[in-house]
Structure formats: structure tokens, C-alpha cells
Amino acid sequence: MSSDDIDTLPIKRGPAELADIKAEFRKRQWRRLLVLVPMVLLVVVGIGGAAPWVLYPVAAISIVASVFALFNWRCPACENLFGKQNVRGKCPHCGVELE
Ligand SMILES: [Zn+2]
């Protein structure tokens, strides 16, 4: 093992484990998109000047969705939060391949 290997292998993972991580990442990406639906709805009903009985429940759902996004948008391998990052390919924290 040369010193170069140490930089490129943070954690050794088997192919099955990598496939699980990639599948979980895809699921989390979808959930992240679904979270945007109540946000968009809130903006639409807000601009449209909807009645409070429409606006308040949509606002409440948006708040719940934002909290959910905090727990959802994490690396499936190291569980570090991605935050607002639009992650593509590899985890910026642990370097695991996500796609
Ligand atoms: Zn990670």
C-alpha cells in the first residue's frame, strides 16, 4: 500500500453496500423534490391572496416539510448534512460515490 492509496480510500466498502448507498441517495433526492411541492404551493396561494383557512394549513405543511428536509438531505453513508448543496456524484464529506 503506497501513500497515494491512503488519500483515495477513506473507507473500504463492498459492492452491495455501495449499491445500497446509491439506492438510498436516489430515494432521498426524490423526497427532497417532494418537499418543494408544499413550498411552491405556499408561494402560489400566498401571491394569489388565498383565505387564511387555505394559507395557514399550507404554511404549516411547508414548515413540517422544511424540518423533514433537514433530516432527509444527508449522506446515506456518513449521515453528514448536505444543507443547501446540490450534491452530484460524490459525498463532499466522506467521498463515497452516490450516483
Ligand atoms: Zn458522506
By residue number, the members of segment 80-95 that are among the hydrophobic types (A, V, I, L, M, F, W, C) and assigned to a loop (DSSP other than H, G, I, E, B) are F82, V87, C91, C94
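Could you please give the count of residues in segment 31-46 that are of a type in the set (D, E, K, R) and closer than 11 Å to S62 by Cα?
Result for segment 31-46: 0.
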- Has segment 71-79 got at least one residue that is on the phi < 0 side of the Ramachandran plot and part of a helix (DSSP H, G or I)? yes
Condition set surrounded by 18 or more Cβ atoms within 10 Å (Cβ to Cβ) and near the ligand (Cβ under 7 Å from one of its atoms), scope segment 63-80, selection nearest to G14 (Cα to Cα): answer is A77
Would you confirm whether or not segment 49-69 contains a residue that is within 21 Å of L98 (Cα to Cα) and either outside any helix (DSSP H, G or I) or within 11 Å of the chain's Cα centre (by Cα) (or both)?
yes
| message | Please determine whether any residue of segment 29-36 is within 16 Å of the ligand (Cβ to nearest atom), modelled with pLDDT of 90 or more and not in a helix (DSSP H, G or I). | response | no
L18: passes all of (1) of a type outside the set (S, T, Y); (2) more than 14 Å from C75 (Cα to Cα); (3) modelled with pLDDT of 90 or more but (2)
Flagged in segment 81-91 as closer than 18 Å to L18 by Cβ and surrounded by 12 or more Cβ atoms within 10 Å (Cβ to Cβ), in numbering order, are V87, K90, C91
Residue set G89, G49, G95, G83; condition on the phi > 0 side of the Ramachandran plot, of a type outside the set (K, R) and away from the ligand (no atom under 16 Å from the Cβ); output residue G49
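The values are calculated or read from the model by the stated rules, or taken from the named source; none is laboratory data. Owing to the predicted nature of the structure, the values given are computational and were not obtained by experimental measurement. All Cβ positions, glycine included, derive from the backbone under ideal geometry; neighbour counts span all protein chains shown.
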